[in-house]
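Remarks on the structure that follows.
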Amino acid sequence: MSTPTNEFLHTTVLLHEAVDALVIDPDGTYVDGTYGRGGHSRLILERLSEKGRLLAIDRDPQAIAAATSGATRVSDPRFSIHHTSFGQMLPTLAALGVTQVDGLLLDLGVSSPQIDDPSAGSASASTGRWTCAWTPPVAKALRSFLLAQTSATLRR
Ligand SMILES: C[S@@+](CC[C@H](N)C(=O)[O-])C[C@H]1O[C@@H](n2cnc3c(N)ncnc32)[C@H](O)[C@@H]1O
């Protein structure tokens, strides 16, 4: 019998360093494109004011389950999580009416639960169970995102 998802632990790397560098506007809108078990997301929420907003993304259904149910659920009106790839970030954000963000975090390591449980991280059907740190999708997502941000800035 497999262990329930939420009992797995993930140790977040560069937690304070990454969030310190990211959140410069407490009222801003931020994206965590690799939610995992929410280590970075929780600290980002601590740094945001009531006006701030955090949109989280993960392609692993178990990450979504961890964020939305049980003891690890994130119950915060400033937070929402979306089951998709960060490569789909722009249409996902557009569908939510978000056209500009103040910062984006991508934690491109391996999530500990995906090591502990070989069936986890199944979103990567074509390449096995490891879903993190694919250079081409990362580059594509970042390029699209930065181009869109640049265009939006230039249009203002
Ligand atoms: C290192 S973990 C993130 C850990 C997280 N920062 C934390 O503190 O709990 C990486 C996560 O990225 C997710 N991931 C990998 N490729 C992805 C993609 N293309 N789109 C969205 N999520 C992805 C994995 O499912 C995994 O949950």
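Where residues in segment 85-110 are more than 10 Å from the chain's Cα centre (by Cα) and of a type in the set (Ser, Thr, Tyr), which of them is nearest to residue 38 (Cα to Cα)? The qualifying residue nearest to residue 38 (Cα to Cα) is 92.
Report, by residue number, each residue of segment 8-30 that is in contact with a Ser or Thr (Cβ under 9 Å, 6 or more places away or on another chain) and under 15 Å from residue 108 (Cβ atoms). Of everything in segment 8-30, those that are in contact with a Ser or Thr (Cβ under 9 Å, 6 or more places away or on another chain) and under 15 Å from residue 108 (Cβ atoms) turn out to be 10, 18. Looking at the structure I just gave you, is residue 21 within 12 Å of the ligand (Cβ to nearest atom) and either touching a residue at least 12 places away in the same chain (Cβ under 8 Å) or in a helix (DSSP H, G or I) (or both)? The answer is no for residue 21.
Of all residues in segment 45-88, those being more than 19 Å from residue 21 (Cβ to Cβ), of a type in the set (A, V, I, L, M) and assigned to a helix (DSSP H, G or I) number 6. Restrict the check to segment 74-84 and report whether at least one residue is near the ligand (Cβ under 9 Å from one of its atoms) and modelled with pLDDT under 95. No: zero hits. Give the residue that is modelled with the lowest pLDDT, with candidates limited to residues of segment 24-44 that are in a loop (DSSP other than H, G, I, E, B) and β-branched (Val, Ile, Thr). The qualifying residue modelled with the lowest pLDDT is 24.
The values are calculated or read from the model by the stated rules, or taken from the named source; none is laboratory data. On a predicted model such as this, the values are computed, not experimentally measured, just so you know. In this analysis, Cβ positions are derived from the backbone assuming ideal geometry, glycine residues included, and neighbour counts consider all displayed protein chains.
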